[in-house]
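Some notes on the structure that comes next.
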Amino acid sequence: MAALPQLRVLLLLLAVAAACAAAATEAAVASGRSSSKVPALYVFGDSTADVGNNNYLQGSAVPRANFPHNGVDFPTSRPTGRFSNGYNGVDFLALNMGFKRSPPPFLAVANKTNKQVFRGLLGANFASAGSGILDTTVSHSLITKLTRNISARISQGAADTVLSRSVFLVSTGGNDLFAFFSLFSSKNSTPSDADKRQFVGNLVSLYQNHVKALYVLGARKFAVIDVPPIGCCPYPRSMHPLGACIDVLNELALGFNKGVKDAMHGLSLSFQGLKYSVGSSHAVVQSIMKHPQRLGFKDTTNACCGSGRFNGKSGCTPNATLCDDRHEYLFWDLLHPTHAASKIAAAAIYNGSLHFAAPVNFRQLVEDES
């Protein structure tokens, strides 16, 4: 089974989300238990948001984090499939929204019986490490089976009501930018400004088209997380002769982020009731790199867990070098933030100023009942 696709198949996954959200709301009302500020949270993205979906995928090429030292600071100190020493940003955002825990990986519940899939589930996480906006593969048999069950269980009206109040969180794009950059670096060349503009434009256009389709199906609240300065991660630094950030990757990230922000603004003007917030992981990471000590960090270049130059030549494995002061590192492994960095990022995006989330922060998006 290939890595879970993103955006390109959200139309199919949304139907699953509708049933899960409706069942969750009914269960919460019946039991009188729900401290969450929205009915459900549905997460779509890459390894920055994966909470264990890739644990259920077959194949040696599937990116995984279900082994030590990953999860060393997670409750129970066990690896879960998160590319982190503990929680990732989605976990902290879910807690901020009032959920007791992050939504479970979709493949964990999809492999259970229908009764388990549709009872008391406050959202689901569809994120898959290694995926991106341009992915095209999907397990059609699984989605078809679930959508048939949905149509038999809930009315369209009930699904629309729940979906309009739920939050759809999207954190993707970085892998697409890396793949584009790699096409040129493998040939020892650099993309021209025209190449970059065309690629980013096409990527944003695809992103925008899928948001439109989600809106038509009932989604109204979109929580978007932009791409951080990926050229400054330990892996790209390890490839630079001087160990500096790779400017081309950072330029691609900035171009993509601006395109997505402009696209979401345009959609909010064209589609009645569409609300959004773009949380800037880019701004958070830049702030940490600029003022590390103020935020409790001492190392913003090396990975805490890894090997080689900057600990960025390979991922975090049981045999990798592991730092002791994990809370003082920005990066956990060659590409991903630590538990400590994710906590700060989530707090800034959820409660922070327009510098970290615009046109409103995530808290304002969540609490908006208009």
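Just add up the charged neighbours of Tyr276: K/R +1, D/E -1, any other residue whose Cβ is under 11 Å from the Cβ of Tyr276. Combined, the nearby Lys, Arg, Asp and Glu give +3.
Averaging Cα coordinates gives a centre for the stretch 282-313 and one for the stretch 161-183; these two points are 23 Å apart. Extending 7 Å from the Cα toward the beta-carbon at both Asp262 and Glu369 defines two label points whose distance is 3.8 nm.
Apply 1/(1 + (r/R0)^6) to the Cβ-Cβ distance of Ser205 and Arg294, taking R0 = 35 Å, and write down the FRET efficiency to the nearest 0.05. For Ser205 and Arg294, the calculated efficiency is 0.35. Backbone geometry of the stretch 46-61 corresponds, through the Karplus equation with coefficients 6.51, -1.76 and 1.60 at θ = phi - 60°, to 3J(HN,Hα) couplings of 10, 5, 5, 10, 5, 10, x, 4, 5, 4, 9, 9, 8, x, 6, 8 Hz, x marking Gly and Pro. Taken over the Cα atoms of the stretch 212-370, the convex hull encloses 128 Å³ per residue. Only aspartates and glutamates eight or more places from Lys261 in sequence, or on another chain, were considered; those with a Cα closer than 16 Å are Asp226, Glu251.
Across the stretch 185-191, computed HN-Hα scalar couplings (Karplus, 6.51 cos²θ - 1.76 cosθ + 1.60, θ = phi - 60°) run 5, 5, 9, 6, 10, 10, x Hz from first to last residue, x flagging Gly and Pro. With R₀ fixed at 25 Å, the C-beta to C-beta distance from Asp247 to Gln198 puts the FRET efficiency at about 0.85. Using a cut-off of 18 Å between Cα atoms, the listed pairs Lys258/Lys343; Lys258/Lys290; Lys187/Lys313; Lys37/Lys258; Lys37/Lys275; Lys37/Lys100 include Lys258/Lys343; Lys258/Lys290; Lys187/Lys313; Lys37/Lys258 as exceeding that distance.
3J(HN,Hα) along the stretch 357-370: 7, 8, x, 9, 7, 5, 4, 5, 5, 5, 7, 6, 10, 6 Hz, from the Karplus curve 6.51 cos²θ - 1.76 cosθ + 1.60 with θ = phi - 60°, whole Hz, x for Gly and Pro.
Rule-based calculations on the coordinates, nothing more; no lab input. Note that the coordinates shown come from a computational prediction; the quantities given were computed from them, not determined experimentally. Glycine also receives a Cβ, built like all others from the backbone with ideal geometry; neighbour counts cover every protein chain displayed.
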